[in-house]
Every structure is written in C-alpha cells, then in structure tokens.
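> Pasting a structure here, questions to come.
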Amino acid sequence: MRGLVRKLPEERFEGIGVCQGVAIGKAFLVDDPRGRIVRVFLPKEQIESEIHRFRDAARVAQQQVKEGIERVRVVLDSDHAYILEAHLLMLQDRTLGRQIENFIRVNQANAEWAVRDVTQHLLEAYGQVEDDYLRERGSDIEDVAHRVIKVLSGKEHRDLSNLAENSIIVADDLLPSVTADLDPRRVLGFVTNVGGWTSHTSIIARSVNIPAVVGVRTVTERVRSGETIIIDGTTGTVILNPSPETLLFYTEQRQRQQQQEQHDIEERELPAVTRDGQEIKLRANIELIEEIDTYQRFNATGVGLY
C-alpha cells in the first residue's frame, strides 16, 4: 500500500567500548578495502617492467602518505601524524622493497600478488607477538600493502574527509590511513567488526574523544548506510534502527553526558581540596602515551599508573 513505510526492527550488538560516551547518528558503511587479488604468471621478458611498475606505485603511495600527513596535522595535530609517518618509512624501506621485487623475479608473479604475499608473511609474524599493542601494529603493514595494491590496480583513493555531519562510521576495520582521513567535526563515532583497545581506531577515537565500539564481529552484515544507529562507548552497546523509546532514552543519556562534560570543563581549574583543607592530587591511569592529551584537557596533575 502507498504511504506505508516499513519500520525495521531494532537490533542490538555487543562489542568492546574503547571510548566512552553516547553517539546518535546516521550509519556510513565503509567497504572492506582489502579486495581480492588474482595471481598472474608473467613471462620472463615482462619481469623487469613489472618491477618498475611496482617502484612507480610505491612512489605514488609515498606521495599520498605525505599528503595525508599534512591533512592530519591540520585536522588533528602534529602528534597524531606519527601513524602515517611510520607508513612512509615502510614505503621507503629498501629491504622490504627488495623482498617484493625478488618475489616478482623468482616467482614470475604480478606486483599485486607479490606485495600481498610478502606482507602476509610479515603479518603472520606480528600475529605471534604476545604484546597486544605490538600485535595491533600489524595493521600498519596491512594498510601500506593495501595502499600500494590500490595504486597498482588503478583504483581511486576514497576521500572520507567530506562526510555528512552526524555520521557514524561502520566498518570491518578502519585502517590507519582511512581513520586519518576522517574529519572529527563530522564523525560522531566509530563501530568496527574487529579491533581492540590498542588498535589505531581506538587510539584516535580516544585522542579526539569520539565514542567508539570495536570487536562487534558481524555488524557490517546488518548495517546499511543512512540507517539510524546508536553507539554507547561506555558499555560497548550498538543499537541499529532504535525504537522511539530507545531513541528517547539514549537522547536523554547523551544530554546528561554533554551537561556533565561541560560541568567537568568548568570545574577543571578549581583546586582539588576537601572541605577540611586536604589537598588531593588527581592523577590519571593510562595505557598508551597517546591518551595523555585527553587527561591534560581535564587538568590531571600527573600519571598515577601507566
């Protein structure tokens, strides 16, 4: 019947809340950037030209990263540019480049396959590292590989810096370069299938104080761009197509959160002294150096536990 709009049922997902707060907005689904790579067997006379094609792609990728570093410095600050600066060093690393070129020569493989194969072995090595933070850095290698492969395949770089306001990013995983492209003034929150407390998505979300939930597993299979979505970065809850009652509840939660944030900012310069004159030192517990900026905004006097 005309005039009737089918109301989608409310769905709830649970993940890991990595930056507290409530965000209510429209979902923007980011496609999985890794894509499918096909191996091509090359005749020997094409090997050197394929190596030159790889070198040209690496140079283009370096230029893209340099431009990304400048964008990060403008939108965020110079401190956060370290993510892409690390990518630039990888792209400039001749040892890694020689490994890829050698794979092309020995296996007579196309450059896309060589990049994927060599970096996959590096990722497997990172996967064996016990330290959570270092293991998460494998995403840097994956991001660099994806960038070079995209240049080789001729795909356009997707610009996410001009999203509509009140967007909530939903993705399988946000590679560091994608996260660095986002404008935090337009993005209200992040939701990803994978990731943990030390992933780049989590670090940047906390640095710019944007609610984020990671490790939601199958959320990208259920979400469509434009649908209303709520994320609670404190509890790790994600709600798709909320009912009117749910929407009202979280809208009120968000209002209370904003009032509390304003109250905290107004009182952050007041001395931490009890009524009987006892001074209290307010220090922060942190897990990552990148969190210091957040605690400085709230006037913490130091670090209590690192």
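The values are calculated or read from the model by the stated rules, or taken from the named source; none is laboratory data. The model shown is predicted, which means the values in this text are computed figures rather than measured ones. Please note: Cβ atoms are built from the backbone with ideal geometry, for glycine as well, and neighbour counts cover all protein chains shown. Please note that ligands, DNA and RNA were not included when accessible areas were found on the heavy atoms of the full protein model with its side chains. Shrake-Rupley method; radii C 1.70, N 1.55, O 1.52, S 1.80 Å.
> Quick check: anything in region 178-188 hydrophobic (A, V, I, L, M, F, W, C), modelled with pLDDT of 75 or more and open to solvent by 10 Å² or more (accessible area, probe 1.4 Å)?
Checking region 178-188: at least one residue is hydrophobic (A, V, I, L, M, F, W, C), modelled with pLDDT of 75 or more and open to solvent by 10 Å² or more (accessible area, probe 1.4 Å).
> Still on this structure: Pairs only if they're at least six apart or on different chains, beta carbon under 6 angstrom, first in region 90-105 and more than 17 Å from Lys66 (Cβ to Cβ) and open to solvent by 50 Å² or more (accessible area, probe 1.4 Å), second part of a helix (DSSP H, G or I) and not charged (D, E, K, R); list them, first residue then second.
Listed pairs, sorted by first residue: Gln99/Val118; Arg105/Ile47.
> Would you confirm, using the coordinates I've provided, whether Thr198 is open to solvent by 80 Å² or more (accessible area, probe 1.4 Å), part of a loop (DSSP other than H, G, I, E, B) and polar (S, T, N, Q)?
Working: open to solvent by 80 Å² or more (accessible area, probe 1.4 Å): no; part of a loop (DSSP other than H, G, I, E, B): yes; polar (S, T, N, Q): yes.
No, not satisfied.
> Quick one: would you say Ser225 is crowded, with 20+ Cβ neighbours inside 10 Å, out of contact with any Asp or Glu (no Cβ under 8 Å at 6 or more places or on another chain), of a type outside the set (A, V, I, L, M) and at pLDDT below 90?
no
> For region 111-136, name all the residues that are over 30 Å from His52 (Cα atoms) and not hydroxyl-bearing (Ser, Thr, Tyr).
Gly127, Gln128, Val129, Glu130, Asp131, Asp132, Leu134, Arg135, Glu136
> With (1) over 20 Å from the mean Cα position of the chain (by Cα); (2) modelled with pLDDT of 85 or more; (3) assigned to a loop (DSSP other than H, G, I, E, B) as the list, and Gln259 as the residue in question, which single condition is left unmet?
Result: Gln259 fails condition (3) only.
> Is it true that some residue in region 230-243 is part of a helix (DSSP H, G or I) and surrounded by 13 or more Cβ atoms within 10 Å (Cβ to Cβ)? Spell out the reasoning first.
Within region 230-243, the first condition is being part of a helix (DSSP H, G or I), and the residues that meet it are none.
Scanning region 230-243, I find no residue that is part of a helix (DSSP H, G or I) and surrounded by 13 or more Cβ atoms within 10 Å (Cβ to Cβ), so the answer is no.
> Going through Val170, Val144 one at a time, which residue ends up being at pLDDT 80 or above, open to solvent by less than 60 Å² (accessible area, probe 1.4 Å), in a helix (DSSP H, G or I) and among the aliphatic types (A, V, I, L, M)?
Val144
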